[in-house]
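Inspection log for the structure reproduced underneath, given as structure tokens.
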Amino acid sequence: MGVSGLQPSGDVNVSDAVSFQRLCMLELGLDPDVSFTRRLGAATGDRVRPLLVGLRSAAEDVADLMTRAKQLRRSTTESVRRHVFINRNMTKVEAKMAYEERCRRRCRQAISDQPATQRRHDGQRSPRTTNDYRPDHKRSEAAAAPTSGDSSEVATLSQSADMPMSPSASE
């Protein structure tokens, strides 16, 4: 799993594994069995590098930890409440899909938060919120391509429907 915002301990005798276990015990009431920890990315400036944590625990324990991670938002420690997040370790594809889902949710939320006078009544989004949270507001080529058949045939058919045929093309 990934932990972002967890500051490295100033004490050289306290490892990231101990810091993570302490966080889980104090904030979540759990004592995870940590198998490894590793800081991700390059150390640059004041940025806190994310922490990759591997657990020896059963899948149910990991699921319980992920469920309780939301309790960090109610921590009495302001730095934990504002900056520490525990997430599943995702592949790039999973992370992209999760990001796009968050964008869609934020867009829906922005639309529902609009006053009724700003909403359009024809079922379309108002121009102000259409692309506020969308990472790619243009349809991708894959989405625009037909699901079956050759795309060059479709392009040829659509061109012939739009333009009159020349005499040489009909021969």
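The values are calculated or read from the model by the stated rules, or taken from the named source; none is laboratory data. Just so it is clear, the structure is predicted and the values come from calculations on it, not from any experiment. Glycine also receives a Cβ, built like all others from the backbone with ideal geometry; neighbour counts cover every protein chain displayed.
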When residues of the stretch 55-81 are limited to those that are within 11 Å of Cys24 (Cβ to Cβ), over 20 Å from the mean Cα position of the chain (by Cα) and part of a helix (DSSP H, G or I), the one modelled with the lowest pLDDT: Asp61
Subset of the stretch 98-113 [of a type in the set (A, V, I, L, M) and under 16 Å from Gly2 (Cβ atoms)]: Ala98
Restricting the search to the stretch 53-63, which residues are touching a helix residue (DSSP H, G or I) at 6+ places or on another chain (Cβ under 9 Å) and over 16 Å from Gly5 (Cβ atoms)? Leu55, Ser57
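Yes or no, residue by residue, for (1) part of a loop (DSSP other than H, G, I, E, B); (2) touching a Gly at 6+ places or on another chain (Cβ under 7 Å); (3) within 23 Å of Thr67 (Cα to Cα):
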position	(1), (2), (3)
Val18	no, no, yes
Gln21	no, no, yes
Met25	no, no, yes
Pro32	yes, no, yes
Ser35	no, yes, yes
Arg38	no, no, yes
Ala43	yes, no, no
Val53	no, no, yes
